[in-house]
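Any read-out appearing in this document is the output of simple, stated calculations on the displayed coordinates, not a laboratory observation. Keep in mind that this is a model prediction, so the values were computed, not measured. For neighbour counting, all protein chains shown are included, and Cβ atoms are generated from backbone atoms with ideal geometry for every residue, glycine included.
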Amino acid sequence: MNEKELITIEHIEPIMPEDTDYNFYFGPAHSGSGNFGVKLRLEGEMVKSARADPGYLHRGFEKLMEYRVPMQNAVLSDRICVFEALNWNLVHAEAVDELTGVEVPQRARYIRVLMAELSRLQSHLIWYGVMSLGLGFDTGFKVAFGYRDYILDLFELITGGRVYPAGYICPGGVRRDLPDGSENKIRRVLDQIEEMTHKMQDFDNIAFSKRMKGVGILKTEDAIRLGATGPVLRACGVKTDVRKDDPYEIYNELDFDIPVREEGDAYARYLIMGSEMEESIKIIKQVLERIPKGKVREPAKITPPSRVKLPEGEVYVRNEIARGEGCAYMRSVGGKEPYRVKIRGPDFLHMIPVLEHLLKGVQIADIPAIYWSLNICPADMDR
Amino acid sequence: MLRKENKVIEDVSAKFKIAGNVQRERRVWVTIDKDNLVALCSFLKGLGFEHLSAISVTDWPQEGTFELTYHLWSYSEKILLTVKTKLDRANPCVDSVISVWRENAQIHERELHELFGVKFEGNGDLTPLFLEGWDGPPPFRKDFNWREYARQQHYDKSNERERAYYD
């Protein structure tokens, strides 16, 4: 391979006296951006180059999991991403289930999907909230976070924790059954979230769309090359969804659509978010109608973790989490703990290659619209 | 059943004389030596494996090897194929796959270089990603004693409250 083929991203250069270029730091102070920074090189108001500066939330989960048994790791997996703890619970639990080969009870599968979709809804509400905040539309932020709280109340009722469910979705099923009367409560909350999706359409005024239309356009071939997944990829015209293409749990029995847009700009990503929320509501309604009775965990009797061994083997699990493709590679050599865990978060790609690519050549004023339209979460990037 | 999975393995073994196995529906694993890795990867990309989902390293200190796994997804065939290859642990060098998956591979390789010390030849930017001012060995290797490292860096033996960490 010759020199020309190497991909090198230029480092931020020192400022020269005769230069009109200057360095600009977006983050890492947490102003809704998350604990993450982008170093920009500007010429006037235009971004010449951008370099992501991750690492402020690096906690080394992959290494920590090598020293803990699956039940402890289930709790640990909450923290991979603050905004969608239950989705990461599910990724971890599925990896362990596939290794042990345990048959997860049908009721547990329904509850898992129910919780994953509720988690997606509240994550999208956060997305809407921070996006509004970034565009200077504070009302949207407050309204979205207000509605998100209804879902957090449900999480508190079902799992005991509002944000972190403490490994509610655990290997073998879920920790406990839905409490009495929770199904009616979920239906009531769904009505409220539906109300919120109508509000989102009402809020969609000129001030909102003008900031995002035609901004941060990601072409289809660039999106695939840069490793974009989930809503970001679907906004570029690729009809793909892990829930349909690589179905897990009970998703192949459910009826839902994959929203796709062709434009690839920030506004398309925003519209995808709204449509995905409607699809999630549809899924939850089906789950509530069909949920069977039965036990919620296999084995129902808890064995002391010190006696449980993970069978030898390796698996790669893919899930569609709110931000894109969330994966885990788990390798076991027959010990109590997994030998190696690799966690693949969607934002590792969205926040480094995709963001650096999109920011090149844009105006400063467009940075927030691009940044927040990618539905970023530094926690699952740094892990 | 498993027709398209077996088809992929047939295509690969016809060209590279290697065996593979189908783990289950949509999951295929193949192993190759490191010299043919890039050739196999570009062949697979031609078959439709456009999306590099992740690259991972597993450390085997007793064997003296690093095992690299490349997890590839095909949007058209809907198959996840994992390519495995082994490196010598004493000299962990492998050809980079950025000629195949460009920036996506670049960032995964940059992460693994930092955490495992694997050198990807041909990748022009392997600067540290997460750790700032790190001077120890690559921290995700199995022989890195993180408990001892944390004790030395963060706890003081002469401090009565922290002495417990030394017992």
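Quick rundown of the values:
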| item | result |
| --- | --- |
| Computed label-point distance, nm, for sites A:Ile217 and A:Gln363 using a 7 Å Cα→Cβ extension | 1.6 |
| Loop-resident sites, region B:113-156, for GluC sites (Glu not before Pro), counting at most 11 other Cβ within 10 Å (DSSP) | B:Glu132 |
| For region A:312-383, the Rg and Dmax computed from alpha carbons only, in angstrom | 16.3, 54 |
| Value of [θ]222 nm, deg cm²/dmol, for chain A, DSSP H segments ≥ 4, -39500 (n - 2.57) each, nearest 500 | -13500 deg cm²/dmol |
| Estimated distance in nm for a label pair at B:Asp11 and A:Lys210, the labels positioned 7 Å out from Cα along Cα-to-Cβ | 5.0 |
| Chain B: angle of helix B:37-47 to the longest principal axis, Cα-based, in degrees nearest 10 | 50 |
| For region B:3-131: rounded, prolate or oblate by the Cα gyration tensor [a/c cutoff 1.5] | prolate |
| Under-5 Å amide H pairs with B:Tyr75, H placed in peptide plane, nonlocal only | B:Glu50, B:His51 |
| Long-range Cα-Cα pairs in the protein assembly as shown (distance over 46 Å), rounded percent | 12 |
| Region A:258-355: trypsin sites (Lys or Arg not before Pro) falling in loop per DSSP and having at most 13 other Cβ within 10 Å | A:Lys293, A:Lys295, A:Lys301, A:Lys309 |
| Between region B:1-38 and region B:148-164, the alpha-carbon center distance in angstrom | 50 |
| Distant-in-sequence amide H partners of B:Thr82 (H built 1.01 Å from N, under 5 Å) | B:Val28, B:Trp29, B:Val30, B:Leu72 |
| With Cα atoms, 0 to 90° folded angle of helix A:85-100 axis to chain A main axis | 50 |
| Spatially near lysine pairs across region A:279-340, Cα under 20 Å, sequence gap of 8 or more or different chains | 5 |
| Percent of C-alpha pairs per 5 Å bin, region A:236-317, short to long | 3, 10, 15, 15, 14, 12, 11, 9, 6, 4, 1 |
| Nonlocal amide H pairs with B:Asp95, under 5 Å, H built at 1.01 Å | B:Glu121 |
| Formal net charge of residues neighbouring A:Arg162 (Cβ-Cβ distance under 11 Å; K, R +1; D, E -1) | -2 |
| GluC sites (Glu not before Pro) restricted to region A:78-108 and DSSP loop, no more than 13 other C-beta within 10 Å | A:Glu103 |
| Partner aspartates and glutamates for B:Lys15 [C-alpha distance under 17 Å; skip if fewer than 8 residues away on the same chain] | B:Glu5, B:Asp33, B:Asp35 |
| For B:Trp101, net neighbour charge (Lys/Arg +1, Asp/Glu -1) across residues whose Cβ lies under 11 Å away | 0 |
| Chain B: calculated mean residue ellipticity at 222 nm from DSSP helix runs of at least 4, using -39500 (n - 2.57) | -10000 deg cm²/dmol |
| Gained length - B:Asp33 relative to B:Arg163, 0.36 nm times residue gap less alpha-carbon distance | 41.9 nm |
